[in-house]
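See structure below.
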Amino acid sequence: MIKLSKKIALVGSFGVGKTSLFRRFIDNEFSTDYKSTLGVQIQKKVITMDNGTELTMILWDTEGHENISEGRSSYLLGSHAFVYVFDITRVDTYKDINEQLSFLKEKYPKAIIKVVGNKVDAAAKKKAMEMLQEFQVNYDYLTSAKTGEYVEELFADIAVDLTT
């Protein structure tokens, strides 16, 4: 059996739901008791792929920053994948998304990047979709850490990308 270990960093602004996505994926839990992440939280989850590969996903839930380049670069070093999270209900978390993604692509050219709009449960979807179109936001998933919508699919997709 092949065993792999890969680092995945969750990045994005304050309050977009990085920790909630992290907890939903790791423990299948959601809490409305919100506390800002200070520094970084690290957890791992082992999954077995269809081809028998055992993948240890080491998830780094980083503190929020409006500009990724202002965060501690040591948290991002060695990442095989990034989950860039924004809140679909707050335009300020995605109006500069292209610049943020350019930074990641330039500094970490080999890393996989998944762009995730979180909190689909909290928004009037039609208005949110209009805003995403207006700002030309290209995303991979729209998730809800609260309901679990598309959270497993997101991480399963990352796992496949990391093992192929």
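The values are calculated or read from the model by the stated rules, or taken from the named source; none is laboratory data. A quick note: this is a predicted structure, and the numbers were derived from the prediction, not measured. A quick note on method: Cβ atoms are made from the backbone with ideal geometry, for glycine too, and the neighbour counts reach across all protein chains shown. Note: areas computed on protein heavy atoms with side chains; ligands, DNA, RNA excluded. Shrake-Rupley method; radii C 1.70, N 1.55, O 1.52, S 1.80 Å.
One decimal place: the segment Ala122-Glu152 gains 8.9 nm when fully extended, by the rule 0.36 nm per residue minus the C-alpha distance. Charged side chains reduced to their Cβ positions (Lys and Arg at +1, Asp and Glu at -1) give the chain a dipole of some 260 debye around its Cα centre. Extension gain for Val160-Lys44 works out to 40.1 nm (0.36 nm per residue, less the C-alpha to C-alpha distance). Relative to one another, the C-alpha centroids of the range 52-88 and the range 96-164 are positioned 13 Å apart. For the chain, the longest principal axis of the C-alpha atoms and the axis of helix 97-107 are separated by about 30°. Estimated from helical segments only, the mean residue ellipticity of the chain at 222 nm is -8500 deg cm²/dmol, where each DSSP H run of four or more residues counts as -39500 (n - 2.57). Within the accessible surface of the chain, defined with a 1.4 Å probe on protein heavy atoms only, the carbon and sulfur portion equals 48 percent. So which trypsin sites (Lys or Arg not before Pro) in the range 59-164 end up in coil per DSSP with only 11 or fewer other C-beta atoms within 10 Å? Of the trypsin sites (Lys or Arg not before Pro), the ones in loops of the range 59-164 whose Cβ has at most 11 other Cβ atoms within 10 Å are Lys110. Per-peptide packing, taken as the mean over residues of other Cβ atoms within 10 Å, places 40-47, 82-89 in the sequence 82-89, 40-47 from highest down. What the Cα atoms of the range 82-164 give is an Rg and a Dmax of 13.0, 37 Å. When the chain is described by a simple charge dipole with +1 on each Lys and Arg Cβ and -1 on each Asp and Glu Cβ, the residue from Thr89, Phe135, Ser73 located farthest towards its positive end is Ser73. Axis of helix 151-163 versus longest Cα principal axis of the chain: the two differ by about 50°, to the nearest ten degrees. Among beta bridges identified by DSSP and lying wholly in the range 1-87, the antiparallel ones come to about 40 percent. Where both bridge residues fall in the chain, DSSP classifies roughly 30% of the beta bridges as antiparallel. If you wrap the tightest convex hull around every Cα atom of the chain and split its volume per residue, you get 107 Å³. In the full protein context, the chain carries 53 Å² of accessible surface per residue, based on a 1.4 Å probe and ignoring ligands, DNA and RNA. The stretch between Lys95 and Glu66, if pulled fully straight at 0.36 nm per residue, gains 9.4 nm over its current Cα-Cα span.
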